[in-house]
Amino acid sequence: MNEADQILDDILARWHHWMSGAPINGVDRLDDPAFREARSRSGWDSSDDIYDREVEQQKMKAVDFQVGGDSRAQGGMDEPHRSAIYILARNACTGAKVWNSPRLPADPLELGIVIQEARNILTRRLMAAGVL
């Protein structure tokens with residue numbers, strides 16, 4: 001695995017975690033009206049921490065658009081490459097290659113080709129979007 005593959009796997013793992021919607025600190029206090037305009041979930045975050053979180057949020061939105069598109073079916077990857085990226089992201093987040101999809105080819109050789117094509121397509125898209 002080369003450095004580009006490791007970077008892509010890291011982005012996919014962070015994206016999968018971001019998609020799950022889990023709060024960073026385990027408590028989503030931003031539902032409280034008193035914290036509606038809060039830019040930080042904790043009192044000890046520095047300005048740099050807030051900025052880094054906002055940059056990460058924008059990166060994850062860009063990855064989400066490049067893979068899945070938007071509500072108007074703009075952008076996004078075609079099948080089976082989109083399913084391959086979802087599975088790659090899930091496996092990267094869990095740290096084990098145990099997840100698979102019935103939308104992907106059952107033949108290991110064809111599966112490897114689809115996965116490599118999906119990685120290449122996403123890498124080019126993320127480079128064009130400025131994420132990589």
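The values are calculated or read from the model by the stated rules, or taken from the named source; none is laboratory data. None of these values were measured; they are calculated from a predicted model. Neighbour counts are summed over all protein chains in view; Cβ atoms, including those assigned to glycine, are modelled from backbone coordinates with ideal geometry. Ligands, DNA and RNA are stripped out before the accessible areas are found, and what is left, the full protein with its side chains, is counted by its heavy atoms. Shrake-Rupley method; radii C 1.70, N 1.55, O 1.52, S 1.80 Å.
What length, rounded to one decimal in nm, is gained on full extension from THR94 through to GLN58, with 0.36 nm per residue of separation minus their alpha-carbon distance?
Value of the extension gain: 10.7 nm.
Rounded to whole Hz and in sequence order, give me ³J(HN,Hα) for the range 99-104 from the Karplus expression 6.51 cos²θ - 1.76 cosθ + 1.60, θ = phi - 60°, writing x for Gly and Pro.
8, 9, 9, x, 7, 8
Go ahead and run the numbers for FRET between LEU109 and GLU3, Cβ-Cβ distance against an R0 of 22 Å, rounding to 0.05.
E(calc), rounded to 0.05, equals 0.30.
Return one whole number: the accessible area per residue of the range 65-132 in Å², for a 1.4 Å probe.
Numbers: 4190 Å² over 68 residues.
On a per-residue basis, 62 Å².
By how many nm would the segment from LEU132 to ASP78 lengthen if fully extended, with 0.36 nm per residue of separation less the alpha-carbon distance?
Extra length from LEU132 to ASP78 when fully extended: 17.4 nm.
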